[in-house]
Amino acid sequence: MILADRISHVHYAIRDIVLEAQRIESSGKEMTYLNIGDPCRYGYYPPKHITDSIIQAFRENKWHGYAPSGGDPELRKAIADNENINKDDVFITSGLSEGIDFLFQALLNPGDNFLLPSPGYPLYNTKNDIYEGTHNYYECNENYEPDVEDIRNKINDRTKAIVVINPNNPTGKVYSYKTLKGIADLAGEHNIPIIADEVYDKLVFDDEFHSMTEFRDVKVIRGNSLSKVFLYPGARVGYLSFHGDGMDNIKSAIQKLCNARLSINWEIQRGAIAAYTQPYDLEPLLKKFKEQRDLAYKYIKESDVLDTVKPEGAFYMFIKVNGKWKDDKDFIINLMKDKGIVTVPGSGFSPVMKGVYFRIVYLPPVETLKNAMEKIIDFAESKN
């Protein structure tokens, strides 16, 4: 069979590396997976009030059919109330991943561009290629803070949106108010929307989080989901919310795309209502994540070969390798073969970054994390 050309553009570094890891594992080598941001893999699970609501929905007969395509009206209202917008400004998607896909479908013609962060979440890079967008990446400084002047210089007449991932995946950086305001000012000046990916918005350790929706005179499309803050990636419930005037056409387009795929599982949406309306004490979770962060960071800072910026949110660490490596894939594949540690190459998060980087997830139990970090340090220093 002759495949469509677009299939050649489908790549996803976080999961693609697993194929090589499984090949190595099949030879009998024990592997430690630090590659995927799935809290459930490391022993964290959704709050009981969410799963209880889902169980209740399964016991009732009225939630087994197709849900409204744009999402359960109660869920849309709950999110809208939290964000001080109207219910019709919220659309429920299959995780934020589907929402991202919808935005590319609705806004990007071949040759257009979304101004994307470097580094940033790989799905944006993949969708940009699938929908034939031109590459347009804005840089961050040495502290992983977006360079506002670089954004200014890279906005052009084919720029359809600016993507801001805050807290950032893969760096864990929480952006300053000054930086966010600078980006908002540019978006307002050029009358282009901001796509604000804020799925880690409550997983912040050391600094204050500011949402892009605080800037009222700018078009902001906010994305979020149950996956990270509520520790429920398998639920596949996310949403897009629209803030600002002049977006009726894009909202109509998103509704069409929702209609075309029918609906998100209704019982799970009933659990999401509980997530967005009932109390949820995050402090124990944040304390645990911060301890894990500090442990991994201590190892990196004591190394002469590895370097990083201390993450302020999420649960990732983006690490630079100083040494004579061909590229980041050369480093991580040899790390897997030698030490059995599975990470993600930095190039998966940016095709334009120079240098050798890799990303880890620091959520495993303490002893597992210690063992993994010791192996990473030993490998990097012995091969330098």
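The values are calculated or read from the model by the stated rules, or taken from the named source; none is laboratory data. Being a predicted model, the structure only gives us computed values, none of them experimental. Here Cβ is always computed from backbone atoms with ideal geometry, including for glycine, and neighbour counts include all displayed protein chains.
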Does region 84-94 include one or more residues that are closer than 22 Å to Ala274 by Cα, loosely packed, with under 14 Cβ neighbours inside 10 Å and either touching a Cys at 6+ places or on another chain (Cβ under 8 Å) or free of Cβ contacts under 8 Å to residues at least 40 places away in the same chain (or both)?
-> yes
Subset of region 42-63 [without any contact (Cβ under 8 Å) to a residue 60 or more places away in the chain and outside any loop (DSSP other than H, G, I, E, B)] = Lys48, Ile55, Arg59, Asn61, Lys62
Just give me the residues in region 231-240 being surrounded by fewer than 23 Cβ atoms within 10 Å (Cβ to Cβ) and not basic (Lys, Arg), in sequence order.
-> Leu231, Pro233, Gly234
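Yes or no, residue by residue, for (1) closer than 30 Å to Phe91 by Cβ; (2) at pLDDT below 95; (3) in contact with a His (Cβ under 8 Å, 6 or more places away or on another chain):
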| site | (1), (2), (3) |
| --- | --- |
| Glu283 | no, no, no |
| Asp307 | no, no, no |
| Ala314 | yes, no, no |
| Trp325 | no, yes, no |
| Lys329 | no, yes, no |
| Glu367 | no, no, no |
Counted residues in region 64-84 being under 22 Å from Gln255 (Cβ atoms) and in a loop (DSSP other than H, G, I, E, B) come to 9
How about region 100-115: which of its residues are outside any helix (DSSP H, G or I) and under 18 Å from the mean Cα position of the chain (by Cα)?
-> Phe114, Leu115
Under the condition of being buried (at least 20 other Cβ atoms within 10 Å of the Cβ) and among the charged types (D, E, K, R), which residue from region 276-315 is nearest to the chain's Cα centre (by Cα)?
-> Glu312
If you go through Lys320, Lys339, Lys290, Lys324, the only one that is in the same structural domain as Leu34 (by TED's automatic domain parsing), over 30 Å from Lys77 (Cβ atoms) and without any contact (Cβ under 8 Å) to a residue 40 or more places away in the chain is Lys320
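Each row is one residue, and each column tells you yes or no for (1) small (Gly, Ala, Ser); (2) surrounded by 24 or more Cβ atoms within 10 Å (Cβ to Cβ).
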site	(1), (2)
Met317	no, yes
Ile332	no, yes
Thr343	no, yes
Gly346	yes, yes
Ser350	yes, no
Gly355	yes, no
Test result for Leu262, in contact (Cβ under 8 Å) with a residue 12 or more places away in the chain and not in a loop (DSSP other than H, G, I, E, B) | no
Of the residues Ile54, Ile79, Ile36, which is modelled with pLDDT of 95 or more and under 20 Å from the mean Cα position of the chain (by Cα)?
-> Ile79
Does at least one position in region 243-251 carry a residue that is surrounded by 15 or more Cβ atoms within 10 Å (Cβ to Cβ), under 21 Å from the mean Cα position of the chain (by Cα) and touching a residue at least 40 places away in the same chain (Cβ under 8 Å)?
-> yes
Members of region 161-181 found to be more than 11 Å from Cys140 (Cβ to Cβ) and over 11 Å from the mean Cα position of the chain (by Cα), listed by number = Ala161, Ile162, Val163, Val174, Ser176, Tyr177, Lys178, Leu180, Lys181
